[in-house]
1. Any residue in the stretch 166-179 that is surrounded by 14 or more Cβ atoms within 10 Å (Cβ to Cβ), without any contact (Cβ under 8 Å) to a residue 40 or more places away in the chain and away from the ligand (no atom under 16 Å from the Cβ)?
2. Would you say residue 34 is among the β-branched types (Val, Ile, Thr) and open to solvent by less than 50 Å² (accessible area, probe 1.4 Å)?
3. In the stretch 106-123, how many residues are among the basic types (Lys, Arg) and without any contact (Cβ under 8 Å) to a residue 60 or more places away in the chain?
4. Quick one: in the stretch 15-74, which of the residues that are of a type in the set (Asp, Glu) and not in a strand (DSSP E or B) is nearest to the ligand (Cβ to nearest atom)?
5. Give the number of residues within the stretch 2-14 that are at pLDDT below 95, of a type outside the set (Ser, Thr, Tyr) and either within 16 Å of the ligand (Cβ to nearest atom) or on the phi < 0 side of the Ramachandran plot (or both).
6. Is it the case, given these coordinates, that residue 163 is loosely packed, with under 14 Cβ neighbours inside 10 Å, within 16 Å of the ligand (Cβ to nearest atom) and in contact (Cβ under 8 Å) with a residue 12 or more places away in the chain?
7. Name the pairs whose Cβ atoms lie under 6 Å apart, with the first residue in the stretch 13-39 and closer than 24 Å to residue 106 by Cα, the second assigned to a helix (DSSP H, G or I) and near the ligand (Cβ under 7 Å from one of its atoms), and 6 or more positions between them or separate chains?
8. If a residue has to be open to solvent by less than 70 Å² (accessible area, probe 1.4 Å), part of a helix (DSSP H, G or I) and within 16 Å of the ligand (Cβ to nearest atom) to count, how many in the stretch 106-144 make the cut?
Amino acid sequence: MSGQRVDVKVVMLGKEYVGKTSLVERYVHDRFLVGPYQNTIGAAFVAKVMSVGDRTVTLGIWDTAGSERYEAMSRIYYRGAKAAIVCYDLTDSSSFERAKFWVKELRSLEEGCQIYLCGTKSDLLEEDRRRRRVDFHDVQDYADNIKAQLFETSSKTGQSVDELFQKVAEDYVSVAAFQVMTGLE
Ligand SMILES: Nc1nc2c(ncn2[C@@H]2O[C@H](COP(=O)(O)OP(=O)(O)OP(=O)(O)O)[C@@H](O)[C@H]2O)c(=O)[nH]1
């Protein structure tokens, strides 16, 4: 696979208002939009080209709408995804319940999809720790159980955002390399 171009389909899932669009915006354009919240309708697509070692990786990111109204549509977008970033808001426990719903779906319908749990809005906890509603260790145990990776990010400050997407790409490249080596491709 040396020097080869790799395309990876990534899907963003999670309850409305958890910050999926903001995460993509921070990663792709390195900015945080302030102003009135605008919910995503259906889904939005954006591609970002990056490097993993000597490989060029294009992440094709589907940012789905979190509103339950669009639930059926989100299923269309996660089909065939190699990675899912399942987001929850660190200050909203109901958003973590919703994240578990998506994990269950992915585990039963998209076995080849690697899951990344992403607790968002960590900057709000820096301001006031009492705002945390989802315990880090509980989620880490859950992540270990489902063989997912866990990140806590802030699109406002940029904390751990690049690291998250870089890990998605690196994991995909190493899995793909392993499949080539073992003839599983
Ligand atoms: N403080 C803070 N606010 C954030 C962060 N990320 C998102 N927000 C705010 O949370 C609100 C929702 O963010 P969006 O990115 O639109 O959420 P979404 O998950 O894409 O929402 P849907 O499109 O409805 O699914 C907006 O007002 C954002 O400004 C963050 O890291 N920190």
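The values are calculated or read from the model by the stated rules, or taken from the named source; none is laboratory data. Computed from a predicted model, the values in this text were never measured in an experiment. Positions of Cβ are backbone-derived with ideal geometry, glycine not excepted, and every protein chain shown enters the neighbour counts. To get the accessible areas, we keep the full protein, side chains included, count just its heavy atoms, and leave off ligands, DNA and RNA. Shrake-Rupley method; radii C 1.70, N 1.55, O 1.52, S 1.80 Å.
1. For the stretch 166-179, residues surrounded by 14 or more Cβ atoms within 10 Å (Cβ to Cβ), without any contact (Cβ under 8 Å) to a residue 40 or more places away in the chain and away from the ligand (no atom under 16 Å from the Cβ): absent.
2. Considered against the rule, which asks whether it is among the β-branched types (Val, Ile, Thr) and open to solvent by less than 50 Å² (accessible area, probe 1.4 Å), residue 34 comes out as no.
3. Residues that pass the stated criteria total 1.
4. Result: 16.
5. We begin by selecting, within the stretch 2-14, every residue at pLDDT below 95; these are 2-7.
From what's left, of a type outside the set (Ser, Thr, Tyr): 3-7.
Keeping just the survivors that are either within 16 Å of the ligand (Cβ to nearest atom) or on the phi < 0 side of the Ramachandran plot (or both) gives 4-7.
Final tally of qualifying residues: 4.
6. Details: loosely packed, with under 14 Cβ neighbours inside 10 Å: yes; within 16 Å of the ligand (Cβ to nearest atom): yes; in contact (Cβ under 8 Å) with a residue 12 or more places away in the chain: yes.
Judged against the criteria, residue 163 is a match.
7. Close Cβ pairs satisfying both conditions: 14/20.
8. Looking only at that region, the number is 4.
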